[in-house]
Amino acid sequence: MSVFSDLRLRLLGGRSRPGDVDTGAMAHVGPHFDGLTARDVVPDAPFVFRNQLTEHPLFTDERLEWLLDRARRRSPELLEIREVSTDALPGYGRARRVDGEPVAVFRALATCPRWINVQHIERIDSDFADLYREILCELAQSIAPMRPRVLDSGAFLILSSPSVQVHFHADPDQSVLSQIRGHKRVYVYAASAVSELELEALVRTEDQGVIPWSSRIERAAFPAVDLHAGESAFLPIYAPHRVENGPEVSVSLSVGFHTGMSRRRKLALLLNDRLRGRGVTPPRVGQGAVEVGVRAALLRGWNLSRRLRGRPS
Ligand SMILES: [Fe+2]
């Protein structure tokens with residue numbers, strides 16, 4: 001690729017990457033959801049709607065165990081098992097990662113408190129990849145900014161024991177969490193309560209634990225979301241949340257994604273983070289599309305300039 005082609009793609013953001021999905025490219029399959037209403041903007045508050053995934057053939061015990069075994073053999077880096085607590089408070093501490101044979105751990109979830117996350121299941125199995133694309137395309141029919149494509153997307157299967165808690169954290173994207181078995185109560189907090197410095201740390205590290213819990217953020221809580229089997233919840237970008245399982249084994253599917261605007265805002269935050277590292281205090285990133293676009297282009301240009309000089313971007 002010529003320097004000029006690379007320059008054009010980098011500045012205009014035209015290069016396709018893993019996780020970029022054309023949401024209008026495929027015939028509609030499903031429906032997998034009910035009750036989705038048309039939205040011109042990506043909401044900044046959670047909302048709940050129905051899913052039809054509880055009887056989907058990919059979520060039988062046999063099919064889930066097949067996926068777990070395939071992940072163990074072919075993609076162990078995508079498999080995460082944690083020893084979780086059922087105690088009252090440590091929603092605010094990350095559980096310890098442990099070894100384990102995933103099929104055996106899954107079969108013992110009812111009695112041995114564990115949390116299994118199979119990351120990017122779309123990379124492990126083509127049937128799950130088809131379902132993940134169908135879900136994104138269906139969501140995009142309702143949420144206008146998801147058209148004509150979403151970016152940096154992925155699907156995550158979460159299998160967890162009764163009554164366990166998932167610590168307070170924020171994800172670096174927006175997502176739809178679909179409950180397939182069991183019940184979860186999800187506590188979601190407004191992203192506007194997170195400081196600019198914390199947001200910059202989140203997008204730089206992609207470490208979900210860099211947003212610290214404080215009593216202050218409890219004032220920014222939305223009403224708790226009760227998610228039963230057959231229900232899905234939209235979780236806004238950068239909105240911290242924590243989860244408590246109900247009294248049954250839980251099977252959930254999370255599909256995360258960026259829109260063009262949220263990716264450009266992420267780049268704008270990364271630009272500010274880099275400027276701060278050089279002793280400059282940049283103005284806060286606003287919500288205006290032009291401003292965010294200019295900042296994103298500046299970061300892309302900066303990255304390209306570094307690469308042309310043989311330095312990492
Ligand atoms: Fe999360």
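Looking at SER163, SER153, SER142, SER85, which is the one that is of a type outside the set (Val, Ile, Thr), touching a residue at least 24 places away in the same chain (Cβ under 8 Å) and in contact with a Lys or Arg (Cβ under 7 Å, 6 or more places away or on another chain)?
Numbers: SER163 fails: in contact with a Lys or Arg (Cβ under 7 Å, 6 or more places away or on another chain); SER153 fails: in contact with a Lys or Arg (Cβ under 7 Å, 6 or more places away or on another chain); SER85 fails: in contact with a Lys or Arg (Cβ under 7 Å, 6 or more places away or on another chain).
Only one candidate qualifies: SER142.
How about the stretch 41-73: which of its residues are assigned to a helix (DSSP H, G or I) and either surrounded by 13 or more Cβ atoms within 10 Å (Cβ to Cβ) or among the polar types (S, T, N, Q) (or both)? So that I can check it myself, show each step before the final result.
Keep residues of the stretch 41-73 that are assigned to a helix (DSSP H, G or I), which gives 57-59, 61-73.
Listed by number, the residues that qualify are LEU58, PHE59, ARG63, LEU64, GLU65, TRP66, LEU67, LEU68, ASP69, ARG70, ALA71, ARG72.
Tally up the residues in the stretch 200-231 that are under 27 Å from LEU64 (Cβ atoms) and at pLDDT 95 or above, please.
Going through the stretch 200-231 one residue at a time, the tally reaches 7.
Go over the candidates PRO145, PRO162 one by one and state the one that is more than 18 Å from THR23 (Cβ to Cβ), modelled with pLDDT of 95 or more and in the same structural domain as ALA45 (by TED's automatic domain parsing).
Details: PRO145 fails: more than 18 Å from THR23 (Cβ to Cβ).
Criteria check complete, one pass: PRO162.
Take LEU197 and tell me if it is open to solvent by less than 20 Å² (accessible area, probe 1.4 Å) and either modelled with pLDDT under 95 or within 15 Å of the ligand (Cβ to nearest atom) (or both).
Details: open to solvent by less than 20 Å² (accessible area, probe 1.4 Å): no; either modelled with pLDDT under 95 or within 15 Å of the ligand (Cβ to nearest atom) (or both): yes.
Against the criterion (open to solvent by less than 20 Å² (accessible area, probe 1.4 Å) and either modelled with pLDDT under 95 or within 15 Å of the ligand (Cβ to nearest atom) (or both)), LEU197 does not qualify.
How many residues, within the stretch 200-220, are of a type outside the set (A, V, I, L, M) and either under 21 Å from ARG263 (Cβ atoms) or within 13 Å of the ligand (Cβ to nearest atom) (or both)?
To start, the set of residues in the stretch 200-220 that are of a type outside the set (A, V, I, L, M) comprises 200, 204-209, 212-216, 218-219.
Restricting the remaining residues to those that are either under 21 Å from ARG263 (Cβ atoms) or within 13 Å of the ligand (Cβ to nearest atom) (or both) gives 200, 204-209.
Going through the stretch 200-220 one residue at a time, the tally reaches 7.
Where residues in the stretch 234-257 are under 9 Å from the mean Cα position of the chain (by Cα) and more than 9 Å from the ligand (Cβ to nearest atom), which of them is surrounded by the fewest Cβ atoms within 10 Å (Cβ to Cβ)?
Within the stretch 234-257, the first condition is being under 9 Å from the mean Cα position of the chain (by Cα), and the residues that meet it are 235, 237, 254-257.
Going one step further and asking which of them are more than 9 Å from the ligand (Cβ to nearest atom), we end up with 237, 255, 257.
Values: ILE237: 22, VAL255: 24, PHE257: 30.
So the residue we want is ILE237.
Tally the residues that are free of Cβ contacts under 8 Å to residues at least 24 places away in the same chain and under 19 Å from GLY154 (Cβ atoms), restricting the search to the stretch 175-214.
Qualifying residue count, the stretch 175-214: 2.
Of the residues PHE106, PHE128, which is at pLDDT 95 or above, aromatic (Phe, Trp, Tyr) and within 16 Å of VAL164 (Cβ to Cβ)? Before you say what the answer is, go through the steps one by one.
Working: PHE128 fails: within 16 Å of VAL164 (Cβ to Cβ).
On inspection, the qualifying residue turns out to be PHE106.
Being out of contact with any helix residue (DSSP H, G or I) (no Cβ under 7 Å at 6 or more places or on another chain) and assigned by TED's automatic domain parsing to the domain that holds SER232 is true for just one of PRO113, PRO102. Which residue is that? Outline the logic, then answer.
Details: PRO102 fails: out of contact with any helix residue (DSSP H, G or I) (no Cβ under 7 Å at 6 or more places or on another chain).
Sole residue among the options that is out of contact with any helix residue (DSSP H, G or I) (no Cβ under 7 Å at 6 or more places or on another chain) and assigned by TED's automatic domain parsing to the domain that holds SER232: PRO113.
Of the residues that make up the stretch 101-119, is at least one open to solvent by 30 Å² or more (accessible area, probe 1.4 Å) and under 30 Å from GLY24 (Cβ atoms)?
The first filter runs over the stretch 101-119 and keeps only residues open to solvent by 30 Å² or more (accessible area, probe 1.4 Å), leaving 101, 104, 107-108, 110-115, 119.
Imposing the further condition that a residue be under 30 Å from GLY24 (Cβ atoms) reduces the set to 119.
Checked against the condition, which is being open to solvent by 30 Å² or more (accessible area, probe 1.4 Å) and under 30 Å from GLY24 (Cβ atoms), the stretch 101-119 yields at least one hit.
Of the residues in the stretch 178-194, how many are more than 10 Å from the ligand (Cβ to nearest atom), within 20 Å of ALA95 (Cα to Cα) and buried (at least 22 other Cβ atoms within 10 Å of the Cβ)?
Total satisfying the criteria: 1.
For the stretch 154-177, give me each residue that is closer than 25 Å to VAL194 by Cβ and away from the ligand (no atom under 15 Å from the Cβ).
Listed by number, the list is empty, since nothing qualifies.
Contact list please: Cβ distance under 9 Å, first residue in the stretch 269-298 and among the β-branched types (Val, Ile, Thr), second residue open to solvent by 70 Å² or more (accessible area, probe 1.4 Å), pairs at least six apart or on different chains.
Close Cβ pairs satisfying both conditions: VAL292/ARG264.
Got a sec? Which of ALA239, ALA296 is assigned by TED's automatic domain parsing to the domain that holds PHE106 and either at negative phi or in contact with a Lys or Arg (Cβ under 7 Å, 6 or more places away or on another chain) (or both)? Don't jump to the end; show me each part of the working.
Numbers: ALA296 fails: assigned by TED's automatic domain parsing to the domain that holds PHE106.
Sole residue among the options that is assigned by TED's automatic domain parsing to the domain that holds PHE106 and either at negative phi or in contact with a Lys or Arg (Cβ under 7 Å, 6 or more places away or on another chain) (or both): ALA239.
Just to be sure before I move on: is LEU298 open to solvent by less than 60 Å² (accessible area, probe 1.4 Å) and either assigned to a helix (DSSP H, G or I) or among the aromatic types (Phe, Trp, Tyr) (or both) in the structure I sent? Quick ask: steps written out before the conclusion?
Details: open to solvent by less than 60 Å² (accessible area, probe 1.4 Å): no; either assigned to a helix (DSSP H, G or I) or among the aromatic types (Phe, Trp, Tyr) (or both): yes.
In short, no.
Could you grab me the full set of residues in the stretch 139-153 that are open to solvent by less than 10 Å² (accessible area, probe 1.4 Å) and more than 16 Å from the ligand (Cβ to nearest atom)? Reasoning before the result, please.
At the first step, the residues of the stretch 139-153 found to be open to solvent by less than 10 Å² (accessible area, probe 1.4 Å) are 139-140, 143, 146, 150, 153.
The answer is LEU139, ALA140, ILE143, MET146, VAL150.
The values are calculated or read from the model by the stated rules, or taken from the named source; none is laboratory data. Everything numeric here is computed off the predicted structure, so don't read it as measured data. Backbone-built Cβ (ideal geometry, glycine too); neighbour counts: all protein chains shown. To get the accessible areas, we keep the full protein, side chains included, count just its heavy atoms, and leave off ligands, DNA and RNA. Shrake-Rupley method; radii C 1.70, N 1.55, O 1.52, S 1.80 Å.
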